[in-house]
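Attaching a single structure in structure tokens format; questions to follow.
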Amino acid sequence: MIFGKGRIGIITGAGPDAGLDLFSKILHHNKELWGNEYAGDLSSPEVLMYSLPELGYAIDISNNEERLWLSLEKSLNTLNHKVDVVCIACNVLHYFSSKIKEKKYQFEFISVIDVVESITEKHSSVAMLSISKVIDFGAYSPFREVSMSKLIETPPLRKMDDLVKHIKLHGGEDDLAFEMFQAIIDELNSDFLILACTDLPLLPLDKFDKNFIDISDLLAKRVAETAYSLRFVK
């Protein structure tokens, strides 16, 4: 019997297309969880998506930390008591994961940090692709601690920033975006490439001869599993 819990909140805006991509993946994994008992609309999760354009400052988080937290806190407060599970469709904003958990909201926050830790433990040869503030593994990287215990290959930071900005403006299907991405991954030697930016899955990944690990998909899977289990709890 379904008891009406398992409501999902998605915070997006950096960028909004990444939020739609995450939502789509959550629906996919939810359908898989239902299996043969999937009944279409009535088996889908209740979802609230909050898209804030000002979260776009995340690409320059070091100069906009306070502004970003105020915007993020606004969305979290809005979703509190309305949903049971919350995720953020922007990896760099998971820098605030500890701060979010300290607030003791009524929902369960699913952090991408836990997802990445499980990946690096499983695979010995990995590279990580994202904006510079994520893959420099400095103060603003949510994966800083992960990088301390695991050797992670990274591409040139400037090239990644240029690529992500281009995707935000022109989309992942753009020809130049394809060429920029191809040039970047050709220089990497790792067996598995972790896509640690929610804009990267917007690229036509099936056209590249590499083993990609889509963090957005793994985050969506964990969100779907958590929400699904809560739907059957009184």
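The values are calculated or read from the model by the stated rules, or taken from the named source; none is laboratory data. The structure presented is a predicted model; accordingly, all values stated were derived computationally and were not measured. Methodologically, a virtual Cβ is constructed for each residue, glycine included, from the backbone with ideal geometry; neighbour enumeration extends over all protein chains shown. Heads up: the accessible areas ignore ligands, DNA and RNA and are worked out on the full protein's heavy atoms, side chains in. Shrake-Rupley method; radii C 1.70, N 1.55, O 1.52, S 1.80 Å.
Just give me the residues in the range 2-26 being in contact with a Ser or Thr (Cβ under 8 Å, 6 or more places away or on another chain) and either surrounded by fewer than 17 Cβ atoms within 10 Å (Cβ to Cβ) or of a type in the set (S, T, N, Q) (or both), in sequence order.
Listed by number, the residues that qualify are 12, 20.
Taking into account only those residues within the range 108-131 that are closer than 20 Å to residue 189 by Cβ and at pLDDT 90 or above, which is surrounded by the fewest Cβ atoms within 10 Å (Cβ to Cβ)?
For the range 108-131, the residue satisfying everything is 125.
In the range 202-216, what residues are buried (at least 20 other Cβ atoms within 10 Å of the Cβ) and part of a helix (DSSP H, G or I)?
If the condition is that a residue be buried (at least 20 other Cβ atoms within 10 Å of the Cβ) and part of a helix (DSSP H, G or I), then 202, 215, 216 are the ones that fit.
Please give the number of the condition residue 65 fails out of (1) modelled with pLDDT under 95; (2) at negative phi; (3) out of contact with any strand residue (DSSP E or B) (no Cβ under 8 Å at 6 or more places or on another chain).
Condition (1) is where residue 65 drops out.
So, of the residues in the range 52-70 that are touching a Phe, Trp or Tyr at 6+ places or on another chain (Cβ under 8 Å) and touching a residue at least 40 places away in the same chain (Cβ under 8 Å), which turns out to be surrounded by the fewest Cβ atoms within 10 Å (Cβ to Cβ)?
Once the filter is applied, the top-ranked residue is 62.
Another question, then. Got a sec? Which of 112, 86 is under 25 Å from residue 213 (Cβ atoms) and touching a strand residue (DSSP E or B) at 6+ places or on another chain (Cβ under 7 Å)?
On inspection, the qualifying residue turns out to be 86.
Working only within the range 196-224, note down all residues that are within 18 Å of residue 117 (Cα to Cα) and of a type in the set (D, E, K, R).
214, 217, 221, 222 - these are the residues of the range 196-224 that are within 18 Å of residue 117 (Cα to Cα) and of a type in the set (D, E, K, R).
Does residue 43 meet the test of being modelled with pLDDT under 95 and open to solvent by less than 40 Å² (accessible area, probe 1.4 Å)?
Here the answer is yes, as residue 43 does meet what is asked.
Might you check whether a residue that is open to solvent by 70 Å² or more (accessible area, probe 1.4 Å), basic (Lys, Arg) and free of Cβ contacts under 8 Å to residues at least 60 places away in the same chain occurs anywhere in the range 159-175?
So far as the range 159-175 goes, yes, one or more of its residues are open to solvent by 70 Å² or more (accessible area, probe 1.4 Å), basic (Lys, Arg) and free of Cβ contacts under 8 Å to residues at least 60 places away in the same chain.
Any residue at all in the range 179-193 that's crowded, with 22+ Cβ neighbours inside 10 Å and either touching a Ser or Thr at 6+ places or on another chain (Cβ under 6 Å) or among the acidic types (Asp, Glu) (or both)?
Checked the range 179-193: no residue is crowded, with 22+ Cβ neighbours inside 10 Å and either touching a Ser or Thr at 6+ places or on another chain (Cβ under 6 Å) or among the acidic types (Asp, Glu) (or both).
Conditions (1) within 21 Å of residue 218 (Cα to Cα); (2) in a loop (DSSP other than H, G, I, E, B); (3) more than 15 Å from the chain's Cα centre (by Cα), marked per residue:
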{"residue": "94", "(1), (2), (3)": "yes, no, no"}
{"residue": "97", "(1), (2), (3)": "yes, no, no"}
{"residue": "101", "(1), (2), (3)": "yes, no, yes"}
{"residue": "115", "(1), (2), (3)": "yes, no, no"}
{"residue": "121", "(1), (2), (3)": "yes, no, yes"}
{"residue": "127", "(1), (2), (3)": "yes, no, yes"}
{"residue": "141", "(1), (2), (3)": "yes, yes, no"}
{"residue": "145", "(1), (2), (3)": "yes, no, yes"}
{"residue": "164", "(1), (2), (3)": "yes, no, no"}
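Does the range 147-162 hold any residues that are over 14 Å from residue 195 (Cβ atoms) and either of a type in the set (Ser, Thr, Tyr) or not in a helix (DSSP H, G or I) (or both), and which are they?
Scanning the range 147-162 gives 147, 149, 150, 151, 156.
Another one. Conditions: (1) of a type outside the set (Gly, Ala, Ser); (2) at pLDDT 95 or above; (3) open to solvent by 70 Å² or more (accessible area, probe 1.4 Å). Residue 223 meets all but one. Number of the miss?
Condition (3) is where residue 223 drops out.
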